[in-house]
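**Student:** Here it is: the structure, laid out below.
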Amino acid sequence: MTTALALAAIACLAASGLAAAGARGRGPACADRIGAVLVAAGAGLGALSACLALAGRGDQLVVQTSLPGGALVFGVDALSALFLLPVVAVTLACSIYSLAYFRASDHPREAGRLRIAYGLTSAGLLLVLVARHGLVFLAGWELMAIAAFFAVTAEDRDPDVREAGFLYLVCTRASTLCLLALFALFWIATGSLELVAAPLGRIPLSLQSAIFALALAGFGLKAGLVPLHIWLPPAHAAAPTHVSALLSGVLIKAGIYGLVRVVSLLPEAPLWWGESMLGVGILSAVLGVAFALAQHDVKRLLAYHSIENIGIIAIGLGLALVARSLSRPEIAVLALAGALLHVVNHALFKSLLFLAAGAVVQATGIRSVDSLGGVAKAMPVTAFCFLAGAVAIVGLPPLNGFISEFLIYTGLLRSVAFETGRAWLLAVLAVPALSLTGGLALACFAKVVGAVFLGEPRSATARAAREAPAAMLGAMGALAGLCAAIGLVPSLIVPALTAACATVLSLPADVIRAPVAALSLLNLGVLALCALVGVALGLRLLRGPRGAAGTWDCGYAAPGRRMQYSASSFGELLVRAFEFALRPRVDAPRLAAVFPGPASFHSDVPDLMLDRVVSPASRALARGLNHLRALQQGSIHAYLLYVWIALVALLVATGASG
Amino acid sequence: MSFVDVAAALLVPALFPPLMLGVITRTKARLSGRRGAPLLQPYFDLARLLRKGIVRSRTTTWVFFAGPVVGLVTAFLAALVVPLGARGSLVEFSGDLIAFAYLLALGRFFTIAAALDTGSAFEGMGAAREAAFSCLAEPAAFFALLVLVKLSGSFSLAEMLGPGLPGLWTLGSPSLGLAAVSLFVVLLAENCRIPFDDPNTHLELTMIHEVMVLDHSGPPLALILYGSAVKLFAYGLLLVRMVTPFELETTAEGVAVSVAGLLLLSILIGVVESVMARLRLLRVPSLLVGAGLLSAFGVMLLVG
């Protein structure tokens, strides 16, 4: 029943774009609505299935086929359900948002194609979550990855979009290659492709480690762990905003889901698995936020923050793995619960931030934070939603990001307090690293909120902004409400978390109840006290004498809008502190004469990994492989010949070994 | 906790903090050969500001007023996390030291946002500095707290700084000493005292905290002044509790030792401000990183 519901949800999502395309004859608005209704139906079915699974009624559906690796198994357990919930929530919110953001009447060429790609991406994502068989998993993975490529490149008339799409395609091919190898090894090890926990001691440790390394590379590419994050910023900047929100909110979480699933299948992990994950997590968190701080494009900036948050999740996962290897159940549960809750939270607040940023971009046509400003007056609801998302993503009370970061911190502190030895050294370092990440994220979001929404408009289009339409505001409001709900009443999601932790670790997870209850009280207290003092100040403001004037600019007679502190200047101190890693490109004028002529200043921070490592390496590789071009005949007969030769060679090789 | 404990835990952070500002000002005046303002002057200032009208910039939105409100509330809640004596604190749970840091971060976020809301170049400058320096101060504070966590094996400030504190000093006095020194540097940085920031300067280009609140007036300015006093109190109490490992039985003893310690700390801050000059802004990061390394050494002594 539960699994059947999930499969029905997948069918609805996959059909949403196609059905809308079929109804195109009735006008673009009708097509939009049919697509949205089917996505809503799919989301409802998916949510129902997840709730049933969390209520302990998870089941499996077995389809007998002659495919290798055993019967095709689908299933929904607590871990799948915990990922399903944010996936369906974000898919639905982004779909409603697109009703106003990407109307078929405004984008006649792209809208239909994008709707199909969007539906298939989310359907593939759900299929990944319910797959209990390697082949089904790969099928879902490919569907999601390829459909997402078409979603990212919806506006493919722009050369930047095409380039970003190509980079994404290359990365996702590499990721699938790793996963193919992973499942092949899994098959060799267990004799089946069914994703059930490997019996203890059955698989040699070297094989297990190879599987884990492939998972870290393949899933890490999708999740965007440094240094495999190169596709993420350009793809998020190129995609239509509701697709960026879907990518950043839930698609990259498929990588995290894959990692968690694989490590739950291999219970006897050596220590280095957790240590490498912790190390990669620390690196991603700190570098992700440092790069974000240096960005000018608001969507690229948000994409780098996804890398940071994936790093935080990886810190939690890594600590849980270390603790599992050394059998410290409490630390493992706290860290894993924190990581999983951060997955849910990040899905909510990151898609909220993307949607709010997209509303601003649509209203003004500007993506550079340095050209915006003062938008909060024209778009108060959007500004409030973005502010809420910013507070949540920085991990501040009283919203949801604080709860998940707190759980990870508690796991880290517990290991600092009670454990000694080399194995825990990274955990000690992770505490200040996490706090540094928090501080940098605070600086970065203060910068974005200040530069985009507050102050005076820096351009004429920013001045002319209008509030977003109701569908967009509704989607943002719902996501902001979910962020507040998890922050203020986290006990809502605790049962789901404990069930998911129990699935992964086979341990009871009650240890998270007490801290979560305390945080709930604290967050409510913060909110209540702020409301109290705020109301008192508001009353005083209304009653007492009051006046309004221009901003005090220290005696300067005519402060202009362009004299405001820009976002680049705001980040400059910190960007300079991280110069060794960021390598900013600065194009500054040199003042030579006494009366210098007009000059311009430009600075940007390209992705270090892409520009300094991946691009040169792939250029060198392309040069080296140039002579293989002779094989490309362009004639189908030649390719058939190649296939035949390969087949014969394989037969000979296997015959020789057998 | 008894009724007296609760009353003390609420009233001391509510009433005492402005006196610390008065003591600092008086110390600085005395050291420079002046008589100085009355010790209670900060209270008079607050009362005066509360009676005044409000002038706001036409550029601003509601965020401009949210800054002072959130700044005060978070500082007060953070102060409630730190115990006054050995008898626990009002806000106490496992991991509350993280809440302490993150509450203050929430206040900082809204203070910075309120500063940027005015659209002033100078306030933006101060906000950028505040954001940058606290990025470096926070890891230093966390290293110092890790020393306490490692020694005490607990995650709540009330327990770490509770009856077991004298025992911690016999266990790991070198680490605790290093942590205390680094916490003092963090206190000066986070509360915008010399050598990081000069609360008395009138040259906007060089200021951090004061320049962020240039546009506030009347009651919101009173909330800001009061809030920064409470923040100083919260950090100060943490430091004072850490370095006074006495057996404190009753509430009165706890309050007396804490208040006396805070007054001494205020005099110390006044002396530091009198004998030191403000650092060049570009050298501030190295001092903060140095403070972080000190407490990192403290942690390594215990972990290694």
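**Student:** Can you confirm whether segment B:156-163 contains a residue that is within 7 Å of another protein chain (Cβ to nearest Cβ) and acidic (Asp, Glu)?
**Tutor:** Scanning segment B:156-163 turns up no residue that is within 7 Å of another protein chain (Cβ to nearest Cβ) and acidic (Asp, Glu).
**Student:** Every residue in segment A:174-194 that is part of a loop (DSSP other than H, G, I, E, B) and polar (S, T, N, Q), please.
**Tutor:** Hit for segment A:174-194 is A:192, nothing else.
**Student:** Now a separate question. For segment A:95-147, what are the residues that are out of contact with any Asp or Glu (no Cβ under 7 Å at 6 or more places or on another chain), buried (at least 23 other Cβ atoms within 10 Å of the Cβ) and assigned to a loop (DSSP other than H, G, I, E, B)?
**Tutor:** A:102 - this is the single residue of segment A:95-147 that is out of contact with any Asp or Glu (no Cβ under 7 Å at 6 or more places or on another chain), buried (at least 23 other Cβ atoms within 10 Å of the Cβ) and assigned to a loop (DSSP other than H, G, I, E, B).
**Student:** For segment B:59-114, which residues satisfy the criterion of being at the interface with chain A (Cβ under 9 Å from one of its Cβ atoms), farther than 26 Å from residue A:380 by Cα and in contact with a Lys or Arg (Cβ under 7 Å, 6 or more places away or on another chain)?
**Tutor:** Within segment B:59-114, none qualify.
**Student:** Quick test for you: out of A:515, A:457, pick the one residue that is within 12 Å of chain B (Cβ to nearest Cβ) and part of a loop (DSSP other than H, G, I, E, B).
**Tutor:** A:457
**Student:** Could you count how many residues in segment A:547-595 are touching a residue at least 12 places away in the same chain (Cβ under 8 Å) and either more than 7 Å from chain B (Cβ to nearest Cβ) or within 30 Å of the chain's Cα centre (by Cα) (or both)?
**Tutor:** Qualifying residue count, segment A:547-595: 19.
**Student:** Could you check segment B:58-84 and list, in sequence order, the residues that are outside any helix (DSSP H, G or I) and free of Cβ contacts under 8 Å to residues at least 40 places away in the same chain?
**Tutor:** Within segment B:58-84, B:58, B:62 qualify.
**Student:** As an exercise: evaluate residue A:528 against (1) in a helix (DSSP H, G or I); (2) more than 14 Å from chain B (Cβ to nearest Cβ) and give the number of the one condition it does not meet.
**Tutor:** For residue A:528, the failing item is (2).
**Student:** Report yes if some residue within segment A:206-213 is buried (at least 21 other Cβ atoms within 10 Å of the Cβ), closer than 22 Å to residue A:79 by Cα and not hydrophobic (A, V, I, L, M, F, W, C); otherwise report no.
**Tutor:** Taking every residue of segment A:206-213 in turn, at least one turns out to be buried (at least 21 other Cβ atoms within 10 Å of the Cβ), closer than 22 Å to residue A:79 by Cα and not hydrophobic (A, V, I, L, M, F, W, C).
**Student:** If you take just the helices (runs of 4 or more DSSP H) that sit entirely in segment A:326-399, which of them hold at least 1 residues that are more than 14 Å from chain B (Cβ to nearest Cβ), farther than 17 Å from residue B:113 by Cα and at pLDDT 95 or above?
**Tutor:** Per the criteria, A:329-364.
**Student:** Only one of B:30, B:87 is closer than 26 Å to residue B:148 by Cα and either part of a strand (DSSP E or B) or basic (Lys, Arg) (or both); which?
**Tutor:** Of B:30, B:87, the one residue that is closer than 26 Å to residue B:148 by Cα and either part of a strand (DSSP E or B) or basic (Lys, Arg) (or both) is B:87.
**Student:** Assuming residue B:255 fulfils every condition listed in (1) assigned to a helix (DSSP H, G or I); (2) free of Cβ contacts under 8 Å to residues at least 60 places away in the same chain apart from one, which condition is it?
**Tutor:** Only one criterion is unmet by residue B:255, namely (2).
**Student:** Look through A:555, A:547 and report the one residue that is loosely packed, with under 13 Cβ neighbours inside 10 Å, in contact with a strand residue (DSSP E or B) (Cβ under 6 Å, 6 or more places away or on another chain) and not in a helix (DSSP H, G or I).
**Tutor:** Among A:555, A:547, only A:547 is loosely packed, with under 13 Cβ neighbours inside 10 Å, in contact with a strand residue (DSSP E or B) (Cβ under 6 Å, 6 or more places away or on another chain) and not in a helix (DSSP H, G or I).
**Student:** Can you run down the residue pairs with Cβ atoms below 8 Å, 6 or more apart or on separate chains, where the first is in segment A:180-197 and of a type outside the set (D, E, K, R) and the partner is part of a strand (DSSP E or B) and at pLDDT 85 or above?
**Tutor:** Going by the 8 Å Cβ cut-off, the qualifying pairs are A:193/A:133; A:195/A:73; A:195/A:131; A:195/A:133.
**Student:** Residue A:4 fails exactly one of the following numbered conditions: (1) surrounded by 17 or more Cβ atoms within 10 Å (Cβ to Cβ); (2) under 28 Å from the mean Cα position of the chain (by Cα). What is the number of that condition?
**Tutor:** (1)
**Student:** Determine which single condition residue A:492 fails, assuming it passes every other condition in (1) aliphatic (A, V, I, L, M); (2) surrounded by 17 or more Cβ atoms within 10 Å (Cβ to Cβ); (3) without any contact (Cβ under 8 Å) to a residue 40 or more places away in the chain.
**Tutor:** Answer for residue A:492: the failing condition is (2).
The values are calculated or read from the model by the stated rules, or taken from the named source; none is laboratory data. These numbers were taken from a predicted model, which means no experiment stands behind them. Backbone-built Cβ (ideal geometry, glycine too); neighbour counts: all protein chains shown.
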